[in-house]
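Chemist: My questions will all concern the structure given below.
The values are calculated or read from the model by the stated rules, or taken from the named source; none is laboratory data. Small disclaimer: the values here were computed from a predicted structure and weren't measured. Here the Cβ is made from the backbone with ideal geometry for all residues, glycine too, and neighbour counts use every protein chain on show. For accessibility, only protein heavy atoms count, side chains too; no ligands or nucleic acids. Shrake-Rupley method; radii C 1.70, N 1.55, O 1.52, S 1.80 Å.
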Amino acid sequence: MGSEAAVIMEVERVSKRFGGVTALDDVSFGVREGQITALIGPNGAGKTTLLSIIAGALPPTAGEVRYRAKRLNGRSAEERVRLGIVRTFQQAHIFGGMSVLENVMVGCHLRGRTGLLEAALRHPRARREEEDVYLDAVRFVNYVGLGPRSGDAASTLPFGQQRLLAIARALACDPRVLLLDEPGAGLNRMEKNDLADLIGRIQEMGVTIILVEHDMELVMRLADWVVVLNHGARLAQGLPDEVRRNRAVVEAYLGAG
């Protein structure tokens, strides 16, 4: 984890309990600006729960998350999107009856400034914003390679392209920190290669990425820093090669073969 990059997000002693079940237990780590931090671990390790806490979908039972030294506890998911913390989900969560372009325009609208009354009255500022939304949506649809299908209903896209659409919509929210929840799940090898290239290009845009992923080849290819969870606790963290050689990680997750 290069010391030249500043820590912009801190997860500090975060725990989450659902009744008598502890999903996360005193987890701490930092996220450096512009880097890809991967969260890995077996099923049930708490990765998606932690991502939900960072995104504001779940409150922690204990501990806190800070972004640029500001405490996020108590801020809604919508407030965090406006701060630049944007999430994708394991399922694409697309609007199937809307076109590909319209799906991405939804993301653009989430960062809009025009009020409902201005929009209803077609105020000049509302019209300008609508034009900007359209142009931004076109740009992000093209960025993820879906330009030829921009007018198609989102429901007609194959699974891999629905994943790309979800990422395009997240990019339309202008993220500073992008939370990717298992973007490679269900993709074939060629689709994963394309996904890795896309994530690399997003990082080159200056976006900080927190990646939850089971595919270790993808993680080792992309991650600058890896945090390993097991039974809700942090088992290890370090550079990808360090984590790959960590005996406790091998025994718990990566497999001894």
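Chemist: Among the candidates Gly74, Gly112, Gly97, single out the residue that is at pLDDT 90 or above, in a loop (DSSP other than H, G, I, E, B) and either open to solvent by 80 Å² or more (accessible area, probe 1.4 Å) or closer than 30 Å to Glu33 by Cβ (or both).
Modeler: The match here is Gly74.
Chemist: Right, here's the next one. Just give me the residues in region 203-223 being surrounded by fewer than 20 Cβ atoms within 10 Å (Cβ to Cβ), part of a helix (DSSP H, G or I) and without any contact (Cβ under 8 Å) to a residue 40 or more places away in the chain, in sequence order.
Modeler: Glu204, Glu217, Met220, Arg221
Chemist: In region 33-70, what residues are of a type in the set (D, E, K, R) and farther than 18 Å from Thr208 by Cα?
Modeler: Across region 33-70, the qualifying residue is only Glu64.
Chemist: Continuing with this model, one more query. Condition first: hydrophobic (A, V, I, L, M, F, W, C) and surrounded by fewer than 18 Cβ atoms within 10 Å (Cβ to Cβ). Now tell me which residues in region 12-32 satisfy that.
Modeler: Phe18, Val21
Chemist: Considering only region 224-245, how many residues are touching a helix residue (DSSP H, G or I) at 6+ places or on another chain (Cβ under 7 Å) and surrounded by fewer than 22 Cβ atoms within 10 Å (Cβ to Cβ)?
Modeler: Number satisfying all stated conditions: 5.
Chemist: Name the pairs: first residue in region 230-257 and at positive phi, second residue modelled with pLDDT under 90 and assigned to a loop (DSSP other than H, G, I, E, B), Cβ to Cβ under 9 Å, at least 6 apart or on different chains?
Modeler: Here the result reads His231/Pro42; His231/Gly44; Gly232/Gly44; Gly238/Met1, each pair linking region 230-257 to a residue that is modelled with pLDDT under 90 and assigned to a loop (DSSP other than H, G, I, E, B).
Chemist: Over 27 Å from Val81 (Cβ atoms) and assigned to a strand (DSSP E or B) - does that describe any residue in region 182-193?
Modeler: So far as region 182-193 goes, no, none of its residues is over 27 Å from Val81 (Cβ atoms) and assigned to a strand (DSSP E or B).
Chemist: Within 15 Å of Gln237 (Cα to Cα) and either open to solvent by 20 Å² or more (accessible area, probe 1.4 Å) or in a loop (DSSP other than H, G, I, E, B) (or both): is that true of Ala5 in this structure?
Modeler: no
Chemist: Just to be sure I understand, how many residues within region 59-71 are in a loop (DSSP other than H, G, I, E, B), touching a strand residue (DSSP E or B) at 6+ places or on another chain (Cβ under 7 Å) and surrounded by fewer than 21 Cβ atoms within 10 Å (Cβ to Cβ)?
Modeler: Of the residues in region 59-71, 2 are in a loop (DSSP other than H, G, I, E, B), touching a strand residue (DSSP E or B) at 6+ places or on another chain (Cβ under 7 Å) and surrounded by fewer than 21 Cβ atoms within 10 Å (Cβ to Cβ).
Chemist: Then there is this: Is it the case that some residue within region 41-50 is of a type in the set (Lys, Arg) and open to solvent by 30 Å² or more (accessible area, probe 1.4 Å)?
Modeler: No; the residues of region 41-50 include none that is of a type in the set (Lys, Arg) and open to solvent by 30 Å² or more (accessible area, probe 1.4 Å).
Chemist: Just to verify a result, which residue in region 146-188, among those that are among the small types (Gly, Ala, Ser) and open to solvent by 50 Å² or more (accessible area, probe 1.4 Å), is farthest from Thr88 (Cα to Cα)? So that I can check it myself, show each step before the final result.
Modeler: From region 146-188, those among the small types (Gly, Ala, Ser) are 147, 150-151, 153-155, 160, 166, 168, 170, 172, 184-186; that's our starting set.
Those still in the list that are open to solvent by 50 Å² or more (accessible area, probe 1.4 Å) too: 151, 155, 186.
Working: Gly151: 22, Ser155: 17, Gly186: 15 Å.
So, considering only residues that are among the small types (Gly, Ala, Ser) and open to solvent by 50 Å² or more (accessible area, probe 1.4 Å), the one farthest from Thr88 (Cα to Cα) is Gly151.
Chemist: Looking at Arg169, Arg139, which is the one that is under 30 Å from Ser28 (Cα atoms), of a type in the set (Lys, Arg) and part of a helix (DSSP H, G or I)?
Modeler: Arg169
Chemist: For a quick check of your reading of the model, give me the residue pairs whose first member lies in region 130-141 and is within 11 Å of Arg169 (Cα to Cα), whose second is open to solvent by 50 Å² or more (accessible area, probe 1.4 Å), with beta-carbon atoms closer than 9 Å and at least 6 apart or on different chains.
Modeler: Asp136/Asp174; Ala137/Glu102; Val141/Arg149
Chemist: Kindly list the number of the only condition in (1) touching a strand residue (DSSP E or B) at 6+ places or on another chain (Cβ under 9 Å); (2) over 16 Å from His231 (Cβ atoms); (3) in a helix (DSSP H, G or I) that fails for Thr48.
Modeler: Answer for Thr48: the failing condition is (2).
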